[in-house]
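Presented below is the structure to which this report refers.
The values are calculated or read from the model by the stated rules, or taken from the named source; none is laboratory data. Quick caveat: nothing in here was measured; it's all calculated off a predicted structure. Here the Cβ positions follow ideal geometry from the backbone for every residue, glycine too, while neighbour counts run over all protein chains shown. SASA here: full protein model, heavy atoms, side chains in, ligands and nucleic acids out. Shrake-Rupley method; radii C 1.70, N 1.55, O 1.52, S 1.80 Å.
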Amino acid sequence: MSVIQLLQTDLKRATVKELVECLKEINDTINPPHKLTLSGRKDEVVQRLTSFIRLLLEDNRHTSLVTLVRIVNENANKKLCWNYEDGEITINCSKVKRAVSTNIEQIDFVISPFLKPLKRLTAIKICPVAGQSRQSRSFSFTLSDEDRKLLQTQNTVDERPPYQIRFYCARYAGRTDKLEVEFPGICELKVNDNVIPGQTLRCLKGRPGTVNPPDLSIMSKKNAVNNLELIYINSSFPFIASVYMVERTPVQYLIDAMKTYRVYSKEHVLKQLQEVQEDAEIVMESETLSTKCPLAFTRIVTPIRSRSCNHLQCFDAFTFLTMNEQTPTWSCPVCYRPIKTWEDLIVDEFFTQMLANTPLHIDSVRVEPTGVVTIIDENPELARAAAAAAAVAVAASTSKGTNGDPGSEEERGVKRETEVTILLDDEDDEDEEEREEGIVYAPPYHATDTIDIPITVAPEPIERAGQSSLKRKLPQLDITNSKRSKSNPPPLPIHKVIDLTSDTDDEEYDEPSHSPSTSSSRR
């Protein structure tokens, strides 16, 4: 008896009402291209249902077949008992001839920038659907001399070996290309005498491809047969698996490749800003950028972002790639937009120059629609401390004698700074309450400058209320002028603007005056 005849004979045992309920649920759940007609005599309904099952078998649509078997069992559970397993439909302990070929010679996974399969070490096997019973698939391989030589190759970039043995597994729905790494929900992998638990093989919920194929290199025997067993249960889908020798690409190689081949120039970024500005339907305001990576909260070293993202904010290349090497989520940490391939990532030269011309203690800048950048200095004390440390270092280096012996301070004629204690009174407390702690903006400069950026020293902060005294080293401090008069307030903050639109390195900046008249004009 043929497959279709066996299915037709079994379906005739169900009532017309049960068969119609099966057709209704198939239309709602599987959603065939053409809805199955519900009316007609019993023989016509049976013929219609078996013809649809034949199409699913011919197209190797395993997911739909699993769903169809469940629908039949639920709607005609008193008369029919079907099971779909390992490409076979079991009907009352009789097996329909397997419709899925297991002779698969090659499978291709979604390309990873970190791992490249070089050689398949075992046969490709299909792992059938598993119900409440335990299922398993066994694999075995022996390493050749060439394989052992690859595994002994040393890595000059990091401590991890450049060649590894990995176990690949994916959900199988008939196709063998662009597969995403995924394992059964409840499973474990035995490798010789070792066990890889299921929690390390689990993807993020509902997101295939967010787990790496496990590394078997350390667990593998170099001169003997290696035995693997994938054990799983409660799997509603078939899976396909095999073992591969892979080549690993270090993160630093990927960063170097991006710096060489995928760079958005400063002019390109400015052109994009101009195009957005010319769009009458979009009103672009200034955008605040952070110099810290949103993933590691440390200063960005190599700024990258996706081509498809509309924001200027970048993230650090090393941090982002390292995190995706561990868990390949591939989404933008700024706007959370999916990044389809790593080739979409680019190095932003505009952001790179902004970082090069921004002091290390600066956390954020503001970018105008014209491309002009303004530094937002929320900690001017750090700039003054850095400037003071640099001045001390310069003074120490210039004070050395011709023979290299700096000598004593008296011989060099250097006066030791006097340590001064400032006592606070009620008037200082009132001044502190009246003074507003605003953000300090540094003076303007051009993004093409490569020299150190001078930071204007803001007035020394007055002591907080509640502190009795404060000790500082103040060179040539006039104690009589330590109190500020209310009629003579401190100068207002000064702006430092980075003109990233400039293409010349010869422009000079004239330090703005700190006179009260200049400050008042900026109010």
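Listing for the model above:
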{"item": "Odd one out for Cys314, checked against (1) touching a helix residue (DSSP H, G or I) at 6+ places or on another chain (Cβ under 9 Å); (2) surrounded by fewer than 15 Cβ atoms within 10 Å (Cβ to Cβ)", "result": "(2)"}
{"item": "Tally, over segment 105-118, of residues that are part of a loop (DSSP other than H, G, I, E, B), touching a residue at least 24 places away in the same chain (Cβ under 8 Å) and either open to solvent by 60 Å² or more (accessible area, probe 1.4 Å) or in contact with a Cys (Cβ under 9 Å, 6 or more places away or on another chain) (or both)", "result": "4"}
{"item": "Within segment 119-161, considering residues that are among the β-branched types (Val, Ile, Thr) and touching a residue at least 12 places away in the same chain (Cβ under 8 Å), the one farthest from Leu216 (Cα to Cα)", "result": "Val129"}
{"item": "Residue selected from segment 167-202 under the condition basic (Lys, Arg) and at negative phi, by the criterion surrounded by the fewest Cβ atoms within 10 Å (Cβ to Cβ)", "result": "Arg175"}
{"item": "Selection count, segment 352-404, where residues are open to solvent by 60 Å² or more (accessible area, probe 1.4 Å), modelled with pLDDT under 75 and of a type in the set (Ser, Thr, Tyr)", "result": "3"}
{"item": "Failed item, numbered, when Ala241 is tested on (1) modelled with pLDDT of 95 or more; (2) surrounded by fewer than 21 Cβ atoms within 10 Å (Cβ to Cβ); (3) among the aliphatic types (A, V, I, L, M)", "result": "(2)"}
{"item": "Count of residues meeting criterion [of a type in the set (D, E, K, R), open to solvent by 10 Å² or more (accessible area, probe 1.4 Å) and touching a residue at least 24 places away in the same chain (Cβ under 8 Å)] in segment 249-272", "result": "2"}
{"item": "Checklist (1) farther than 28 Å from Leu345 by Cβ; (2) at pLDDT 95 or above; (3) of a type in the set (Val, Ile, Thr) applied to Val246, failing item", "result": "(1)"}
{"item": "Condition check for Ser331: in contact with an Asp or Glu (Cβ under 6 Å, 6 or more places away or on another chain), closer than 30 Å to Pro208 by Cβ and not hydrophobic (A, V, I, L, M, F, W, C)", "result": "no"}
{"item": "Qualifying residue in segment 138-152 (condition: in contact with a strand residue (DSSP E or B) (Cβ under 6 Å, 6 or more places away or on another chain), open to solvent by less than 50 Å² (accessible area, probe 1.4 Å) and under 30 Å from Arg70 (Cβ atoms))", "result": "yes"}
{"item": "Residues of segment 27-57 satisfying the condition of being more than 16 Å from Leu11 (Cα to Cα), in contact (Cβ under 8 Å) with a residue 12 or more places away in the chain and not in a loop (DSSP other than H, G, I, E, B)", "result": "Thr29, Leu56, Leu57"}
